[in-house]
Structure formats: C-alpha cells, structure tokens
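The values are calculated or read from the model by the stated rules, or taken from the named source; none is laboratory data. These figures come from a predicted structure and were not determined experimentally. Here the Cβ positions follow ideal geometry from the backbone for every residue, glycine too, while neighbour counts run over all protein chains shown.
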Amino acid sequence: MSSPEQWTRPQSGAGSAATAARPSPEQVIAGLRATSEGGAELTQLLTPEGERLSSEQFDPYIADIDAEALRGLYRDMVIVRRADRESNAMQRQGQLGIWVPLLGQEAAQVGSGRALKPQDMAFPSYREHGVAYTRGVDFKELLGIFRCTDHSSWDFRKHRFHPYTIVIGNQVLNAAGYAMGQKFEGKVGDDPDAEATIVYFGDGATSQGDVHEGFVWAAVYDAPLVFFCQNNQWAISEPTERQSRLPLYQRARGYGFPGIRVDGNDVLACLAVTRWALDECRRGNGPVLIEAFTYRMDAHTTTDDPTRYRLSDELEAWKLKDPIERVRVHLSRTGGADAAFFEEVQAEADRFAAELRDYCFNMPDPPPERVFSAVYAEPSPLLEAQREEYLSYLSGFVDGGER
C-alpha cells in the first residue's frame, strides 16, 4: 500500500524520491480502500446504506432533526446538486467562462451551512455554492462570478457570507482576522447572541502558508473560528496523501486546538459536528479544525480532466457513498418520505435549474464603467480619472466600445 513514508523515503532500489513519489494504479486503489471510511476516528451518524448510528457525544446536537427536518436537508442537497449540474452544462455551452463543480460534496456544505446561526459569519473559497444557498444567497448571483460580469454581488453583511476567494487559502487569514475581531469586541461567551466564524478550504489549501498562519493567529488569540477542510481527496491532480504524513485533522494538535474527522458524505454528521464546533467557539474555547472526509466526483474545474490522474475504480467506489442517496434510503426505510415526495423534490430542483438557465442566457453584459464601481468604499480622484480616461478611449471606436 502507498504511504507518504514510502514516497519520501523510498526503499533501496526504488529509485529517487521524485520517481518513487509517483504511485502506481495499484497503490492508489490500495490507499483508497484503506481510507475509504476515513479511519477509526471518523464520526459518522448515517452509513452509506442509510443506517442511523448513535453517538453519545453528537446525538444531542441533532435532537431537533426529525423526519421533516431531514426531508429539508434532502431537498437542500438535491436542489444544490441540480443547480451545480445545470451550471456545469451551461459552461460547456459557452454561457459561463468556467465552473467549479461541487458534485459529491453536498452533504459537507449543506450540513455545515445549516449548522450556522444567523449571527455567524462564513468565509468561502470558490466551491461553496451549497453553503451560499443555505445562507440565503440567490444562486443566480453566483453565476455572475463565473460569467465574469461581477464578483460576489450579494450583500455579505446581510447574508453573513463573505465574497468568494480565488487565491488558494487566503480566506483563512481573512477569517482569522474577522474572528479575532469578534473576540476583541466581546461577542463570545454564554450570551445567546454570541458569534462564531467558519472558513472553508480544501485539502490542497492545507499546503499553503496562509492556512497555517491562520491556525497560528486563531490559536494564540482563542479566536472563535471553525476551520472547515473539505478533504475531497484531490488537490487538482495531487492526492491528499502526497501532502501530509498524517490525517489532516491531526494537524490541529500542533497548534494547540482540537481537530476532528467527520464523514463528509453524511449530512447528519456534518450538521452535528459543525454545531458542536461552533458552540465551542462561541463559548470562547478557541478554534476547532474539522476535516470533512469526502470526495470530488467531478473535475476540479471545467478546465480540468480528472481522467488523466485518477482511476475509474476510485470514482465507482465513491459512488456507493453518495451523500444524497443515503438520506433517500434512510427516509424510505423509516417511512419518513414516500415516492411522491422524492418526485416533488426532483421537479422543484428541475424548475430551479430552468430558472437559472433562463437567467444566465438572458443576463445582460455590464456597461464598461462597471469595472470601476465598488473598488473603494468612497470615491477616489485617481480612480475617477482612470475611469474617464478609459471611457474616452472607448468612445473613439465606431461602436463606442459596446460589445
């Protein structure tokens, strides 16, 4: 079986470390099977077969999740997946410049997103479409980012959902600073209005310095910050085991705060663990690292070809752990939902996707001066001069610079 130890310290005759660091197909599959359930310390409340597991520690955090609430989580995931698939298709049809799929990560995003209270703040990377949905952001507003007409146009103060961050890991520093501000302003403690912050990043981002700096600052200042790592197994084309000798959640020990690994395809476990972590932060106990052990079922982005670096056997194995299907099976077995409900949800998701498509196809191009808006909180003489110079330049064309 492959391991970071074998890659960095190859046995005699295995060639250089650089050569030995290229795992064979057999090693990749062996590594997958060894970690397919996330290890002995994985927190799981709903198995891939739809069986409900009990947890003395985490069951109290989902005591309010009855059949109706679980149907709501199922609905969330189906709509988010349908919107993701429609957006992916629109990119292929030239309507979006790029799309970042979340296929397979619906439970991690919906579960953690629904764990947030209205006063909490969320900092996403660029794949958290499901979290945006749970925070009340209109999915249509996400499309402008990928059509290149605007950048995160929603009111982030209203939704408590920060604009997307494209620079890998940079949002962790932003979130650490924001959470430190919550601590300095006395917004943590036993008050029911106490606040916390959550920041999302992928397994690949854990190799970036910004993430580790965020760990340091949050730990030193006991910032109320939940680090939510969606470990989808692949940092574009590099497997997680090429990045760390230990499971990612164990890295928290080196910074002095707790880390936990949760089944990222289990919406109940993601909801419960994130609620617990946020409560820890709101009480003033400092940061928590959650590693949501999940899998990216599609490409990293629509510019990526995952068939060049991973095997179909791996994808097929993870299909059996589908986050939506396990909730569907559980609801069916327990009588929590019937066929009519599932058909109704699918029809609603199709309508949602149709509205997205209609909006995207008819989205007007912004005027040229739009690029200068909202650059600064207040007008800048230099920016105004640049704006006038640019518009004057465009006016010299026959069409006045219109497209």
Exercise for the section: Just one of (1) touching a Pro at 6+ places or on another chain (Cβ under 8 Å); (2) surrounded by 18 or more Cβ atoms within 10 Å (Cβ to Cβ) trips up Phe156, so point out which. Expected result: (2)
Fill in the blank from the handout: Those residues of region 356-370 that are surrounded by 10 or more Cβ atoms within 10 Å (Cβ to Cβ) and either without any contact (Cβ under 8 Å) to a residue 12 or more places away in the chain or more than 30 Å from Asp138 (Cβ to Cβ) (or both) come to a total of 2
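Within region 338-345, does at least one residue satisfy the condition of being in contact with a Ser or Thr (Cβ under 7 Å, 6 or more places away or on another chain), surrounded by 14 or more Cβ atoms within 10 Å (Cβ to Cβ) and among the aliphatic types (A, V, I, L, M)?
Quick first cut of region 338-345, residues in contact with a Ser or Thr (Cβ under 7 Å, 6 or more places away or on another chain) only: none.
Taking every residue of region 338-345 in turn, none turns out to be in contact with a Ser or Thr (Cβ under 7 Å, 6 or more places away or on another chain), surrounded by 14 or more Cβ atoms within 10 Å (Cβ to Cβ) and among the aliphatic types (A, V, I, L, M).
Report, by residue number, each residue of region 106-157 that is of a type in the set (S, T, N, Q), touching a residue at least 60 places away in the same chain (Cβ under 8 Å) and over 24 Å from Cys281 (Cα atoms). Spell out the reasoning first.
First, pick out the residues of region 106-157 that are of a type in the set (S, T, N, Q): 109, 112, 119, 125, 134, 149, 152-153.
Retained after the next criterion (residues that are touching a residue at least 60 places away in the same chain (Cβ under 8 Å)): 109, 112, 119, 125, 149.
The one that is of a type in the set (S, T, N, Q), touching a residue at least 60 places away in the same chain (Cβ under 8 Å) and over 24 Å from Cys281 (Cα atoms): Thr149.
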Exercise for the section: Please enumerate the residues belonging to region 371-403 that are touching a helix residue (DSSP H, G or I) at 6+ places or on another chain (Cβ under 7 Å) and free of Cβ contacts under 8 Å to residues at least 12 places away in the same chain. Expected result: Val375, Tyr376, Leu383, Gly400
Exercise for the section: Only residues that are more than 20 Å from the chain's Cα centre (by Cα), in contact (Cβ under 8 Å) with a residue 40 or more places away in the chain and either in a helix (DSSP H, G or I) or surrounded by 19 or more Cβ atoms within 10 Å (Cβ to Cβ) (or both): list them for region 65-90, please. Expected result: Ala67, Leu70, Arg71, Met90
Problem - Tally, over region 175-227, of residues that are in contact (Cβ under 8 Å) with a residue 60 or more places away in the chain, of a type in the set (A, V, I, L, M, F, W, C) and under 21 Å from Trp276 (Cβ atoms) - result: 14
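Would you call Thr206 touching a Lys or Arg at 6+ places or on another chain (Cβ under 8 Å) and either assigned to a loop (DSSP other than H, G, I, E, B) or hydroxyl-bearing (Ser, Thr, Tyr) (or both)? Before you say what the answer is, go through the steps one by one.
Details: touching a Lys or Arg at 6+ places or on another chain (Cβ under 8 Å): yes; either assigned to a loop (DSSP other than H, G, I, E, B) or hydroxyl-bearing (Ser, Thr, Tyr) (or both): yes.
Criteria met by Thr206.
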Practice task
Just need a number here: residues in region 107-148 that are farther than 22 Å from Asp365 by Cα and acidic (Asp, Glu).
Solution key: 2
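Give me the residue from region 371-389 that is within 29 Å of the chain's Cα centre (by Cα) and small (Gly, Ala, Ser) and, out of that set, farthest from Leu143 (Cα to Cα). Walk me through how you get there before you give the answer.
Of all residues in region 371-389, those within 29 Å of the chain's Cα centre (by Cα) come to 371, 373-377.
This time we only want the ones that are small (Gly, Ala, Ser), so: 373-374, 377.
Details: Ser373: 19, Ala374: 19, Ala377: 24 Å.
Result: Ala377.
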Practice task
Looking only at region 346-367, count how many residues are in contact with a helix residue (DSSP H, G or I) (Cβ under 9 Å, 6 or more places away or on another chain) and part of a helix (DSSP H, G or I).
Solution key: 13
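Can you say whether Val220 is surrounded by fewer than 21 Cβ atoms within 10 Å (Cβ to Cβ), of a type in the set (A, V, I, L, M), within 21 Å of Met121 (Cβ to Cβ) and modelled with pLDDT of 95 or more, as far as the supplied structure shows?
On the way: surrounded by fewer than 21 Cβ atoms within 10 Å (Cβ to Cβ): yes; of a type in the set (A, V, I, L, M): yes; within 21 Å of Met121 (Cβ to Cβ): yes; modelled with pLDDT of 95 or more: yes.
Here the answer is yes, as Val220 does meet what is asked.
Sort through Glu355, Glu369, Glu388, Glu384 and tell me the only one that's closer than 27 Å to Ala89 by Cα, among the charged types (D, E, K, R) and out of contact with any Gly (no Cβ under 9 Å at 6 or more places or on another chain).
On the way: Glu369 fails: closer than 27 Å to Ala89 by Cα; Glu388 fails: closer than 27 Å to Ala89 by Cα; Glu384 fails: closer than 27 Å to Ala89 by Cα.
Unique residue meeting the criteria: Glu355.
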